[in-house]
Each structure stands twice: as C-alpha cells, then as structure tokens.
Amino acid sequence: MNYIVANLPDEYRIADEVELRRRIKVKKAELGDKLVILTHHYQRLEIVEFNDFLGDSYALAKSASQQKDAEHIVFCGVRFMAEAADILSDDDKKVYLANPTAGCPMADMAPTGLVYQSWDFIESVLGPDKVLPLSYMNSSAELKAFCGKNGGLICTSSNADAAFDYCFKQNRKLFFFPDQHLGRNTAKKKGIPKDKIALYDINKENGGLTAADIERADVILWSGYCHVHVNFNTEQIAAQRKEFADLKIVVHPECAEEVVDLADSVGSTSHIVNFVEQAPIGSTIAIGTELNLIHRLSVNHPDKKIMSLAGNMCVVCSNMFRTSLQDLCFTLENFDKAELVRVPEDISENAKIALERMLEVGR
Ligand code: SF4
C-alpha cells in the first residue's frame, strides 16, 4: 500500500514538530551517504531545513544525474521533478516523492493526447522536420519522451534562452508547452516579433489557429499557465513603486509579459535567490514568485525588506506546500512502504534523451 497524507499511520499524524525533527535527524545520520534529500526552493521552511541539496528544477535535475553514493533519493517538490530525478539517475537509485499527491496544475494543462493531436495538426500544415517540440520541465514524463523522440528537448526557466537557441540553430520553428508566459517572455527576449508568436488555445479546435497562422509563426505557444504566477499584475507594481521610492522588483518568467516588462529583473528561482543575496543591505525588494520562497528569503535576510509583489494575496503553491515533516519522517522511516517513483522504461528512454539535451545546452 502506498501511503498519502490522509492515511499516514497515526503515530506520524499526532507526532509534534520536535519529535518529527528529532526522528528525521536520526534517520539522516543513520543513512549517511546512502540518502540524499533534494529540495525545491518553494518548499516550506521546516522542510528546507533538512535538504542535502536545495535548488531550482534545473539544479535539482542535474544533482539527481550526478548522485553516485546515494541509494535513496527523496524528493521534496512535485511529481514532475521526482520523475525527472528517476529518469536521470542511475538505475540502482530509488527515488521517492515525500508527498506522493504533490502534482503541478500547469503540467496537467498539457495532457499527452491533446499535445499529440496538436502536433499532428501542426505537422500536417508544415510538413515533416519544420518544427521542434520544446517542453518546460513542468510536464509529464510522457511529454518529455515525446520531445526526445521528435528531436526536441526540455528546458527550465533558467535555461529557456539556451533551449530556444538550440531549436533556432536547426532552422526549426518551435512548439513550446505548457507555459505560455515563459514561452512568450523568452521569445520576446530573443527578438521574435509579436506577429510571429502564435497561441495554441487548448480550448479551441486546432488551437483556434489557421494554417496561415502556423505558417507565419516562428514560435507556437501552448496556452497553459501557473495559477500562482498569474496573480502578479501591473497595478501591484504601480502601487508598490509609489509606496517605496527605492524599490527593486524581481519576478519569475512564469509571470505575464506586462509584469516582466516593468520588473527590474527577471529569472528563475535561483536567479531570485541570488538577486536578493547580492542586493545591498537596507534594500527594499518586492518579489513576484511563490510565497514560501519569499518568506524564507525574508527570514534569511533580516537586514533587507523583502516582500511579496502581490501584498497580502495568497500566492502559495498548494502542491509544493503539501510536503510536511510528517511526510518526510514517514518516507525516511518506511522506504518499503513509501511510494517509489518509477518511470516505465519505454518512456524513460526517450525522456532521458530530451533531459540530457537540456543539461547539454546548459544554463
Ligand atoms: S508554482 Fe506553479 S508551476 Fe510551480 S509547481 Fe506550483 S503550480 Fe506548478
């Protein structure tokens, strides 16, 4: 039986934080190099405390691919990240998602059947070998395999630029999914004019695009989005700039184009962390990303004023928030009962090709 939060044995559900922390420390010490805990920047503060490696999805994927001694890789993040860790790590490694219910609604916006259907339509217009599929890391293992099989690759928010270059160097148009905002912001940065960026609307037949739209486009974007990052808007920027004279604004590229345009800096979660670390003491910084990261940065930098660009709005990723000390403790104490993340070999093989291309193009 695989355990999820709702049915964790009582001893975990009733244990207090002090007890859970103690037991996690004991297990970590006992397992030593046989265990590695990979933790995403959006995890809760008390989970980040136990990381062996903390990073954005690019850095975590790379770390998974480099693990040599660890037998158990415990992922504190969401499912697509743990799947990538399983695909990239050696076969003798066992990967667990500390909370197996943690998914990503954006990844779910690109169901495989619909992506295959849209690809067939696009290829029926353009003919073969004219377009490359490029998937954001936030996608299912099946879609990663689809990219690998069709000459494409994966990118994260920290290397989307390099991945776009990879496709354009091959004189191909680019079909990017699932996040329209990262796609649009990157295309704009690459100097692609607006009329050469087409939006494939998943709620319309053939994405609402005509053959002429597809022929004209250099970049075709899937219409997915992150429900956390679309909460940031230009009114918030105007209000915060009015209130704080020397304000700096740094946002994630999953934010809408108009928000990115007005920010002082844009980049992945690692970029945001570096931006805050390097800002002079006394800086006032408003951040457009997930609230747990903003909170941790404010705790770690009491000499700077760090706040959410969205003010009091709840910009929490509930899936990232799902991983609790109970889940982590249970996973470490019960590898035989915790859910193993295993991507089937027929999918893993092609997905690995696409992920390795991502690591090859670098950041
Ligand atoms: S923050 Fe957005 S893109 Fe990231 S895991 Fe949560 S829903 Fe998915």
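Rule-based calculations on the coordinates, nothing more; no lab input. What you are looking at is a predicted structure, and each value in this text was computed from that prediction instead of being measured. Backbone-built Cβ (ideal geometry, glycine too); neighbour counts: all protein chains shown.
Structure values in brief
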| item | result |
| --- | --- |
| Karplus-derived 3J(HN,Hα), 6.51/-1.76/1.60, for each residue of region 285-293, Hz, glycine and proline x | 10, 9, 10, x, 7, 5, 5, 5, 5 |
| Calculated from backbone phi, Karplus (6.51, -1.76, 1.60) coupling profile of region 114-127 in Hz, x at Gly/Pro | 5, 5, 4, 4, 5, 4, 4, 5, 4, 5, 5, 7, 8, x |
| Farthest toward positive dipole pole in region 110-224 [+1 Lys/Arg, -1 Asp/Glu at C-beta], among 207, 185, 113 | 185 |
| Charge dipole (debye, nearest 20) of the chain; +1 at Cβ of Lys and Arg, -1 at Cβ of Asp and Glu | 660 debye |
| Length gained when the stretch residue 171-residue 216 is fully extended (0.36 nm per residue, less Cα-Cα span) | 14.8 nm |
| Three-way shape label, region 229-316, alpha-carbon gyration tensor, a/c 1.5 | rounded |
| Cut-off 20 Å (backbone N to label point 7 Å along Cα→Cβ of residue 345), residues of region 146-176 | 146, 148-149 |
| Value of [θ]222 nm, deg cm²/dmol, for the chain, DSSP H segments ≥ 4, -39500 (n - 2.57) each, nearest 500 | -13000 deg cm²/dmol |
| Förster radius 22 Å - calculated FRET efficiency between residue 66 and residue 360, Cβ distance, rounded to 0.05 | 0.95 |
| 26 Å Cα-Cα threshold exceeded, pairs from 196/242; 68/149; 93/144; 68/173; 62/93; 27/144 | 196/242; 68/149; 68/173; 27/144 |
| Listed residues 12, 145, 288: farthest to the positive end of the dipole of the chain (Cβ charges) | 288 |
| Furthest towards positive pole of dipole, 276, 325, 228, structure part the chain, Cβ charges | 276 |
| Taking 90, 201 and counting other C-beta atoms within 10 Å, the order from fewest to most | 90, 201 |
| Sorted largest first, extent of the chain alpha carbons per principal axis (Å) | 63, 56, 33 |
